[in-house]
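Rule-based calculations on the coordinates, nothing more; no lab input. The model shown is predicted, which means the values in this text are computed figures rather than measured ones. As a convention, Cβ positions derive from the backbone with ideal geometry for all residues, glycine included, and neighbour counts pool all protein chains shown.
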């Protein structure tokens, strides 16, 4: 590891640009904070560009050279108000749709806008053996630092792809039973029934608007969570996690 290095103003500006989606997209690189997230990058074989830390890190998994910097410099480049001990800059990894077309247990998220919800659902998907996640419509940026933090070290454990249209979904997954979670559609399948199906895609709608009509129209089945009538709805990540738990344990 380096002795204590002072980051130049230009270097700080360069890293801070990665706080913004525009520059993450342009450079195809992103920031992760924390040792757990770094270990995940290593396990997933993600290309690591630079590592910065405020103290000596003894970890056999880390072969990349670490630059030791002051807490003051770390605060300047961190995406959070509290100073993290280690920050990594890494290259994005694209998952091609062919990698999940033959997977059995998939979920789709339609226009999810909250990065905390997306990160939490990724975490739950990893916990409950989901084999792939499809992002549909105008979803929050996958490589947002808050998404990565909310996934709690599970960001690369489930392959994630983007699909733009309902027709594209049917094209790539012709043999999957597509299941919606729409309030407007009749309930016609239970979680126990889903668990017996070989290939499924369970679709969850956005926090504000639910599933779009295009997706509701191509659904083969629909499922709802039963709850008290005086409760309007659950948080998206909560309802998705409950369904995935029930499906996993069914």
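Each of 7, 211, 224 was scored by other Cβ atoms within 10 Å of its Cβ. Listed from fewest to most, they are 224, 7, 211. For the stretch 97-249, the Kirkwood radius over C-alpha pairs fed into Stokes-Einstein at 20 °C and 1.002 mPa s yields D = 140 µm² per second. Extension gain for the segment residue 47 to residue 248, taken as residue separation times 0.36 nm less the Cα-Cα distance, is 69.1 nm to one decimal.
For an R0 of 25 angstrom, estimate the FRET efficiency from the Cβ-Cβ distance between residue 138 and residue 235 and round to the nearest 0.05. Calculated value: 0.80. Cα convex hull, the stretch 59-149: 148 Å³ per residue, rounded to a whole number. The packing ranking, built from the mean of other Cβ atoms within 10 Å per residue, places the peptides 68-77, 19-28, 235-244 in the order 235-244, 68-77, 19-28, highest first. Among 200, 165, the order by Cβ neighbours within 10 angstrom, fewest to most, reads 165, 200. When the Gaussian network model of the chain links Cα atoms closer than 10 Å, the mean-square fluctuations of 174, 159, 145 top out at 174. For the stretch 9-91, the spread of Cα positions along the three principal axes, ordered from largest to smallest, is 33, 27, 20 Å. Taking every C-alpha pair closer than 8 Å and separated by at least 6 residues, the mean separation divided by the residue count of the stretch 1-158 gives a relative contact order of 26 percent. When both bridge partners sit in the chain, DSSP labels roughly 30% of those beta bridges antiparallel. Neighbour counts of C-beta atoms inside 10 Å place 206, 8 in the sequence 8, 206, starting with the fewest.
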